[in-house]
Amino acid sequence: MTASFSGRPRPASIRPGWVLLVVVVAVALNLRPAITAVPPVLDAIKADLGLSATGAGLLTALPVLCMGVFAPAGAALARRVGREAAVSCALVLVVGGTLVRGVDDSAVVLYGGTLLAGIGIAIGGALLPGVVKAWFPSRPGAVTGLYTAGLVAGAMLASAATVPLMDALGVGWPPAIASWALLAAAALAAWVPVTRRLRAAAEPAPGRVRLPWGSAIAWRVTLYMGLQSLLYYAALTWLSPLYVAAGWSAGRAGLLLGLFSFTQIFSALAVPALADRTGDHRPWLALCVGTATVMLATFALAPTAAPWLWAALLGLGVGGMFALALTLLVKLAPTPAAAASLSGMALLVGYLLAATGPVLAGALYDAAGSYRVPFLALAGIGVATLVIGVSVPPTATISLDVLEPRGG
């Protein structure tokens, strides 16, 4: 008999736990390549399209902005067509948007495809915490760690392999960044047959649950989610250009970005499990955010002293703090519908905040003419992230009173 992650009887229509886990990770693997394939070729894109650093930062900020604006659309779509079918729709958008970017090397096509893929990423990201809560209710930390590892593995793959792929195929940046649509298409092909007959009978059909605007805990989690994401996306966007400006080749800088993503996998897997084991996320959060903050300051003050070590340590900090953010979205919610509601709020407000990171860092670079100022600013934001994150008590939960439907 296949072991189940769930502590309650599984409906007959639900497939073995490991199969569900595989397809969840496959979806997660495809929610970052459309974003992370861009930074390694950002200098080429800037040169070809005549973009400023602020405009180039918008290429990363746009999908993050979508992750905020369109996060509530995920819950709405799930109510209409079902949670699993909504994830399928999200993957279709990711495939289409990523593929479109290879049609032409124009700003309209690039930004348009990025917008479309960003909407798909937003819907998929908003739904996955509810999927985990419904499918694996007794192991939210461990499973969240696995799908977070899928997110960062996808990010690592795209950031490290885009330039070598471009060189190997002898093509320009448009086909190189569009090629990641194939990976998303493979995930869609795996997801649909596995989930097609999956029944939602294990839980009541979710109604229109409002976002927990009145919960102080939800606001703290939301701010933590947004600030840690701001740090990640700003570093993701500008780490590679920092070293290209220092004389590195685009391929070598892309490998450094790949290392940054690679080490995230280990902390994304380990930290949520350790937090589950100890029952308190705060020491692990302080360790991860503290490490990331120190490394951001180090990139500002001594970038060439030990860049590979700095990138590895930054990745360890970022991977852990992101995994803990996703774990809190699941852990603090008493039901799958509540997890979707908290996720909707955290993603809506948090990613709108996070979207300012790449653009703000680019604007600071345009103003100062060096990367020292933006990376020092990010370190300062890291201190605020640490304070807010440790203010969330380990026993906190979102009250169902603030989640009651309007008029209900």
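The values are calculated or read from the model by the stated rules, or taken from the named source; none is laboratory data. All values reported here derive from a predicted model rather than from experimental measurement. Glycine also receives a Cβ, built like all others from the backbone with ideal geometry; neighbour counts cover every protein chain displayed. Accessible surface areas use protein heavy atoms only, side chains included; no ligands, DNA or RNA. Shrake-Rupley method; radii C 1.70, N 1.55, O 1.52, S 1.80 Å.
Here are the numbers:
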| quantity | calculated |
| --- | --- |
| Enumeration of residues in the stretch 256-285 that are under 20 Å from the mean Cα position of the chain (by Cα) and open to solvent by 20 Å² or more (accessible area, probe 1.4 Å) | 259, 262, 265, 266, 269, 270, 273, 284 |
| Condition met for residue 398 (within 16 Å of residue 222 (Cα to Cα), buried (at least 18 other Cβ atoms within 10 Å of the Cβ) and modelled with pLDDT under 90) | yes |
| Close pairs from the stretch 337-364: first over 16 Å from residue 118 (Cα atoms) and assigned to a helix (DSSP H, G or I), partner of a type in the set (Asp, Glu) and open to solvent by 30 Å² or more (accessible area, probe 1.4 Å), Cβ under 8 Å, at least 6 apart | 337/203 |
| Test: residue 324 is of a type outside the set (D, E, K, R) and closer than 19 Å to residue 393 by Cα | yes |
| Contacts under 6 angstrom Cβ, first residue in the stretch 153-181 being open to solvent by less than 60 Å² (accessible area, probe 1.4 Å), partner of a type in the set (Phe, Trp, Tyr), 6 or more apart | 156/262; 158/180 |
| Of the criteria (1) more than 22 Å from residue 37 (Cα to Cα); (2) out of contact with any Phe, Trp or Tyr (no Cβ under 8 Å at 6 or more places or on another chain), which one residue 300 fails | (2) |
| Total residues in the stretch 18-57, condition surrounded by fewer than 20 Cβ atoms within 10 Å (Cβ to Cβ) and over 27 Å from residue 188 (Cβ atoms) | 11 |
| Restricting the stretch 177-209 to residues that are touching a Ser or Thr at 6+ places or on another chain (Cβ under 7 Å) and assigned to a loop (DSSP other than H, G, I, E, B), the residue that is modelled with the highest pLDDT | 180 |
| Pair list, Cβ under 6 Å, 6 or more apart: the stretch 274-301 residue part of a helix (DSSP H, G or I), other residue of a type in the set (Ser, Thr, Tyr) and surrounded by 18 or more Cβ atoms within 10 Å (Cβ to Cβ) | 289/385 |
| Those residues of the stretch 108-122 which are open to solvent by less than 10 Å² (accessible area, probe 1.4 Å) and either under 13 Å from the mean Cα position of the chain (by Cα) or under 12 Å from residue 94 (Cα atoms) (or both), in sequence order | 113, 114, 117, 118, 120, 121, 122 |
| Verdict on residue 144 being buried (at least 24 other Cβ atoms within 10 Å of the Cβ), within 24 Å of residue 232 (Cα to Cα) and at pLDDT 90 or above | no |
| Close pairs from the stretch 242-270: first within 19 Å of residue 292 (Cα to Cα), partner outside any helix (DSSP H, G or I), Cβ under 7 Å, at least 6 apart | 242/303; 242/371 |
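For (1) at pLDDT 90 or above; (2) at positive phi; (3) touching a Gly at 6+ places or on another chain (Cβ under 6 Å); (4) open to solvent by 20 Å² or more (accessible area, probe 1.4 Å), each residue gets a yes or a no:
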position	(1), (2), (3), (4)
75	no, no, yes, yes
92	yes, no, no, yes
104	no, no, no, yes
126	no, no, yes, no
138	no, no, yes, yes
149	no, no, no, no
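Residue by residue, here is whether (1) assigned to a helix (DSSP H, G or I); (2) under 26 Å from residue 130 (Cα atoms); (3) open to solvent by less than 40 Å² (accessible area, probe 1.4 Å); (4) at pLDDT below 95 holds:
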{"site": "308", "(1), (2), (3), (4)": "yes, no, no, no"}
{"site": "328", "(1), (2), (3), (4)": "yes, yes, yes, yes"}
{"site": "375", "(1), (2), (3), (4)": "yes, no, yes, no"}
{"site": "382", "(1), (2), (3), (4)": "yes, no, yes, no"}
